[in-house]
Amino acid sequence: MSASPTPLLLDSTACDRCGRCVAVCKPRVLKIGPGYISVDWTGCDGCGTCATACDTGAIRLRRAPLRAVPAPLKPVARASAKNAAAGAAKAPAKRTREPGAAALAISRWSLPEAALVVVVALALLVGVQTFVAGTAGAPWTGIALVGYDAVLVALLWYLAQRRGLDPSMAYRLDGWPEWSALLLAPLVAIGCWLFSVTYRAVVLSLGLQPAATEGADLTRLFGPGVMGAVLTVVTVALLGPVIEEILLRGVVLGAVRERFGAWPAILVSALAFASLHASLWSLLPLAVLGIGLGWLATRSRSLWPAIAAHVLYNGVLVAAALYTAAR
């Protein structure tokens, strides 16, 4: 006779690879990929947490009661087939009506992990500033910035590997975002940029001037010329936003949100974002930008809308700096 039926029903065609099931699987026996859902049944305890996290119906509890299913899941096992099918059908619609509910982080990052990435980033920032202060400027400033990014990338890669996750899945980069969130990205970038311009005009009108150390020229990071401009665009307008969003809206926001809710997480990640730029002059506009990016990140199952808005914001700053220098 065949072995006892498995506690789960799997439908790989309904899987959107969001990764929620992988994140909540405590035995780490569940894997997903293009066209497949794999479970190591020898290690599966039938807890059903993955089925609860799945909102597409790709993973469901078998409706017949099983001895392997623990007591807390008996109400789920007793549910009728009609109710189970109705719940699976309603889940995607609910995600559309409540955008924030779809932003569950792929990996449930812990608060110590969130603290670790912020502390490491701050320590690196102090080291970069110390190094730059003792050099003659370009191209050493740009090289130090590249080194800063490289160490953060290595740290983020390590955290994903430590949890046994693909980095793209761990940081919500493998899923296609909702169109509504993508369309909101340029609006958030433009709104935050207008606030920054207004803030600067108001502060200057009050007679306040930024410190000399806060007036870094973006056009001199890698030196003058076309190559210096290209490296500045790649580093500041492209690479920097991706790394910062993964670190702050991926790990930090995800960890705080899991325990305290969306808005506390948005505010904490925004404050960390502003602090990592070490600019008292720009603290408020950077915090506002961080709030906008965090709000975007909680509206989508993907981190790409927040990254797109950040790239647009930084791109405008770099373009303005390069245009001014060329005149």
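The table that follows gives values for the structure above.
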read-out	value
Residues of the range 5-51 satisfying the condition of being on the phi > 0 side of the Ramachandran plot and over 29 Å from the mean Cα position of the chain (by Cα)	G46
Lone unmet requirement of (1) touching a His at 6+ places or on another chain (Cβ under 7 Å); (2) of a type outside the set (D, E, K, R); (3) more than 17 Å from N314 (Cβ to Cβ) for P241	(3)
Pair list, Cβ under 8 Å, 6 or more apart: the range 137-155 residue over 17 Å from A237 (Cα atoms) and assigned by TED's automatic domain parsing to the domain that holds P241, other residue among the aromatic types (F, W, Y) and crowded, with 17+ Cβ neighbours inside 10 Å	A138/F222; P139/F222
Close pairs from the range 2-19: first closer than 13 Å to V39 by Cβ and modelled with pLDDT of 80 or more, partner among the β-branched types (V, I, T) and assigned to a loop (DSSP other than H, G, I, E, B), Cβ under 6 Å, at least 6 apart	P7/V69
Some residue of the range 268-290 being of a type in the set (S, T, N, Q) and closer than 30 Å to R17 by Cα	yes
Residue match in the range 275-297 (condition: aromatic (F, W, Y) and without any contact (Cβ under 8 Å) to a residue 60 or more places away in the chain)	no
Residues that are over 13 Å from L116 (Cα atoms) and touching a residue at least 60 places away in the same chain (Cβ under 8 Å), drawn from the range 156-172	G164, L165, M169, A170, Y171, R172
Matching entry among A121, A115, A144, A105 (being closer than 22 Å to A270 by Cα, surrounded by 17 or more Cβ atoms within 10 Å (Cβ to Cβ), among the small types (G, A, S) and modelled with pLDDT of 85 or more)	A121
Residue within the range 284-305 that is within 21 Å of V132 (Cβ to Cβ) and assigned to a helix (DSSP H, G or I) present	yes
Exclusive hit being closer than 24 Å to V197 by Cα, more than 17 Å from the chain's Cα centre (by Cα) and surrounded by fewer than 20 Cβ atoms within 10 Å (Cβ to Cβ), set V316, V226, V242, V230	V316
One residue from L208, L194 being under 22 Å from E244 (Cα atoms), assigned by TED's automatic domain parsing to the domain that holds L248, free of Cβ contacts under 8 Å to residues at least 24 places away in the same chain and more than 16 Å from the chain's Cα centre (by Cα)	L194
3 or more residues touching a Leu at 6+ places or on another chain (Cβ under 7 Å): qualifying helices (runs of 4 or more DSSP H) within the range 104-209	111-133, 140-162, 179-205
Residue within the range 248-256 that is modelled with pLDDT under 95, in the same structural domain as I307 (by TED's automatic domain parsing) and within 18 Å of A138 (Cα to Cα) present	no
Qualifying residue in the range 48-68 (condition: at pLDDT 75 or above, farther than 25 Å from G175 by Cα and part of a loop (DSSP other than H, G, I, E, B))	yes
Verdict on A237 being surrounded by fewer than 24 Cβ atoms within 10 Å (Cβ to Cβ) and at pLDDT below 90	no
All positions within the range 279-306 that are among the hydrophobic types (A, V, I, L, M, F, W, C), touching an Asp or Glu at 6+ places or on another chain (Cβ under 9 Å) and farther than 17 Å from I243 by Cα	L280, W281
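The values are calculated or read from the model by the stated rules, or taken from the named source; none is laboratory data. This is a predicted model, so every value here is computed, not measured. For neighbour counting, all protein chains shown are included, and Cβ atoms are generated from backbone atoms with ideal geometry for every residue, glycine included.
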